[in-house]
1. Restricting attention to segment 14-34, which residues are surrounded by 18 or more Cβ atoms within 10 Å (Cβ to Cβ) and on the phi < 0 side of the Ramachandran plot?
2. Taking residue 65 as meeting all but one of (1) touching a residue at least 24 places away in the same chain (Cβ under 8 Å); (2) within 23 Å of residue 39 (Cα to Cα), write down the number of the exception.
3. Under 6 Å by Cβ, and 6 or more places apart or on different chains, what pairs join a residue from segment 81-96 that is closer than 20 Å to residue 4 by Cα with one that is basic (Lys, Arg) and surrounded by 12 or more Cβ atoms within 10 Å (Cβ to Cβ)?
4. Out of all the residues in segment 17-44, which are free of Cβ contacts under 8 Å to residues at least 40 places away in the same chain, of a type in the set (A, V, I, L, M, F, W, C) and closer than 25 Å to residue 98 by Cα?
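Computed from the coordinates by the stated procedures, all read-outs in this text should not be read as laboratory data. Not measured: the values here are computed from a predicted model. Ideal geometry is used to build each Cβ from the backbone, glycine not excepted, and the neighbour counts take in all protein chains shown.
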Amino acid sequence: MKGLIQRVRGARVEVAGEIVGAIDQGLLVLVGVEPQDTQASTDKLLHKLLNYRVFSDAEGKMNLSLSDIGGGLLLVSQFTLAADTNSGLRPSFSTAAPPAQGAALFDYLVTRARHKHPQVAIGQFGADMQVHLINDGPVTFLLET
């Protein structure tokens, strides 16, 4: 499972002109599911999302996690993260999980995240989404489990 995390001052997701999820300061996470992913790899990614230290402490060092600052978590499914881009000039999506598996593991991630963190917003699985963000830093990392 892949999670492209972006430290944001604010972010929102729109579908057909309607806001379906929004946060203030926190993490926007684009989530890619691969065929070998399981609930265990999803749990591992969630642990990293909540505890990865990407927020600045009083001395300006990245020493604080999302849990430490009580920030928002915006989860957005993005199957293109699992694309094979190693050859040619067009991505192959044969390395992405089938839609049913992707939806099930994304739903599991959302359920577990809401159980462990007070501020969780989401995009809409499989929808044509417009993602708006103010990247803080910019700070962006690719987490893989």
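1. Passing the criteria: 14, 21, 23, 25, 27, 28, 29, 30, 31, 32, 33, 34.
2. Result: residue 65 fails condition (1) only.
3. Once the first residue is closer than 20 Å to residue 4 by Cα and sits in segment 81-96, its partners that are basic (Lys, Arg) and surrounded by 12 or more Cβ atoms within 10 Å (Cβ to Cβ) give 81/2.
4. 40
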